Amino acid sequence: DVKVTQSSRYLVKRTGEKVFLECVQDMDHENMFWYRQDPGLGLRLIYFSYDVKMKEKGDIPEGYSVSREKKERFSLILESASTNQTSMYLCASSTDRAYEQYFGPGTRLTVT
Amino acid sequence: RKEVEQDPGPFNVPEGATVAFNCTYSNSASQSFFWYRQDCRKEPKLLMSVYSSGNEDGRFTAQLNRASQYISLLIRDSKLSDSATYLCVVRMEYGNKLVFGAGTILRVKS
């Protein structure tokens with residue numbers, strides 16, 4: 001069974017703090033993705049990675065960066081958190097052979 | 001214009017009813033199509049892929065109309081456990097990037 005885990009389910013941070021969200025998958029998937037989900041807007045792609053040390057911008061990369069030093073781990077970094085980054089953050093992974101994405105349970109981040 | 005558009009609902013239906021959702025996509029070069037299901041406070045999970053010829057999985061039927069650029073999901077004999085948000089998902093012409101619709105809420109009531 002594919003498992004994607006995220007470091008926290010709930011996180012509260014203050015404006016200006018640096019925030020790290022971590023995602024780990026145990027199925028040797030090549031591709032990993034970070035999304036945010038907001039009511040009425042659905043899932044929006046922030047960044048994705050096709051391989052170790054490779055990253056590509058998604059649709060809303062501003063204010064975020066990512067790191068993929070190992071195949072199984074994909075980190076999302078908010079350099080200076082702002083209130084408009086309050087959201088549900090979902091990590092996903094997939095193989096190159098199939099397009100189904102497997103999601104982690106999500107991190108609900110609140111920036112005050 | 002959004003790349004993938006869905007009626008947000010909610011669709012409130014009694015148990016045993018048949019309900020259908022539609023979804024439209026804007027990029028005619030889109031290659032693959034899916035329906036995902038997301039339960040309240042849970043992550044999205046693949047419900048079914050959508051093939052050009054249409055496909056069925058138990059009580060669920062998915063259809064694709066490329067000419068009109070829409071995808072549909074039909075649920076027959078609705079169960080309480082079908083209550084969820086249904087996400088229409090499209091893969092663009094290259095790569096593994098998926099575009100998600102905002103979802104349609106279904107509530108099945110006894």
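Values as computed for the structure displayed
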{"read-out": "Pick from the stretch B:13-27, criterion at pLDDT 95 or above, over 16 Å from the mean Cα position of the chain (by Cα) and not hydrophobic (A, V, I, L, M, F, W, C), ranking: least open to solvent (accessible area, probe 1.4 Å)", "value": "B:Gly16"}
{"read-out": "Given (1) within 14 Å of chain B (Cβ to nearest Cβ); (2) open to solvent by less than 20 Å² (accessible area, probe 1.4 Å), number of the condition A:Arg36 does not satisfy", "value": "(2)"}
{"read-out": "Single residue of A:Asp28, A:Asp51 found to be assigned to a loop (DSSP other than H, G, I, E, B), open to solvent by 50 Å² or more (accessible area, probe 1.4 Å) and in contact (Cβ under 8 Å) with a residue 24 or more places away in the chain", "value": "A:Asp28"}
{"read-out": "Matching residues in the stretch B:38-94 - criterion: being over 12 Å from the mean Cα position of the chain (by Cα), among the basic types (Lys, Arg) and closer than 19 Å to A:Ala98 by Cβ", "value": "B:Arg91"}
{"read-out": "Residue check, B:Ser78 without any contact (Cβ under 8 Å) to a residue 40 or more places away in the chain, more than 14 Å from chain A (Cβ to nearest Cβ) and in a loop (DSSP other than H, G, I, E, B)", "value": "no"}
{"read-out": "Every pair of residues 6+ apart whose Cβ atoms lie under 7 Å, when the first sits in the stretch A:79-94 and is more than 10 Å from chain B (Cβ to nearest Cβ) and in a loop (DSSP other than H, G, I, E, B) while the second is surrounded by 21 or more Cβ atoms within 10 Å (Cβ to Cβ) and modelled with pLDDT of 95 or more", "value": "A:Thr86/A:Leu109"}
{"read-out": "So A:Leu78, is it surrounded by 19 or more Cβ atoms within 10 Å (Cβ to Cβ) and over 26 Å from B:Gly9 (Cα atoms)", "value": "yes"}
{"read-out": "Hits in the stretch B:3-47 (condition: touching a strand residue (DSSP E or B) at 6+ places or on another chain (Cβ under 7 Å), within 11 Å of chain A (Cβ to nearest Cβ), part of a loop (DSSP other than H, G, I, E, B) and without any contact (Cβ under 8 Å) to a residue 60 or more places away in the chain)", "value": "B:Glu43"}
{"read-out": "Test: A:Glu22 is away from chain B (no Cβ under 14 Å), surrounded by 15 or more Cβ atoms within 10 Å (Cβ to Cβ) and among the acidic types (Asp, Glu)", "value": "yes"}
{"read-out": "Leading residue by the ranking (nearest to B:Val50 (Cα to Cα)) among those in the stretch A:82-101 that are open to solvent by 40 Å² or more (accessible area, probe 1.4 Å) and either under 12 Å from the mean Cα position of the chain (by Cα) or at pLDDT 95 or above (or both)", "value": "A:Thr86"}
{"read-out": "Matching residues in the stretch B:82-110 - criterion: being away from chain A (no Cβ under 11 Å) and either assigned to a loop (DSSP other than H, G, I, E, B) or out of contact with any strand residue (DSSP E or B) (no Cβ under 8 Å at 6 or more places or on another chain) (or both)", "value": "B:Ser83, B:Glu93, B:Tyr94, B:Ser110"}
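Listed here are the residues, each with its yes/no results for (1) among the small types (Gly, Ala, Ser); (2) open to solvent by less than 20 Å² (accessible area, probe 1.4 Å).
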position: B:Ala29; (1), (2): yes, no
position: B:Glu43; (1), (2): no, no
position: B:Ser53; (1), (2): yes, no
position: B:Glu56; (1), (2): no, no
position: B:Leu64; (1), (2): no, no
position: B:Leu74; (1), (2): no, no
position: B:Leu98; (1), (2): no, yes
position: B:Thr104; (1), (2): no, yes
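The values are calculated or read from the model by the stated rules, or taken from the named source; none is laboratory data. If you're wondering where the values come from, they're calculated on a predicted model, not measured in any experiment. Ideal geometry is used to build each Cβ from the backbone, glycine not excepted, and the neighbour counts take in all protein chains shown. Ligands, DNA and RNA are stripped out before the accessible areas are found, and what is left, the full protein with its side chains, is counted by its heavy atoms. Shrake-Rupley method; radii C 1.70, N 1.55, O 1.52, S 1.80 Å.
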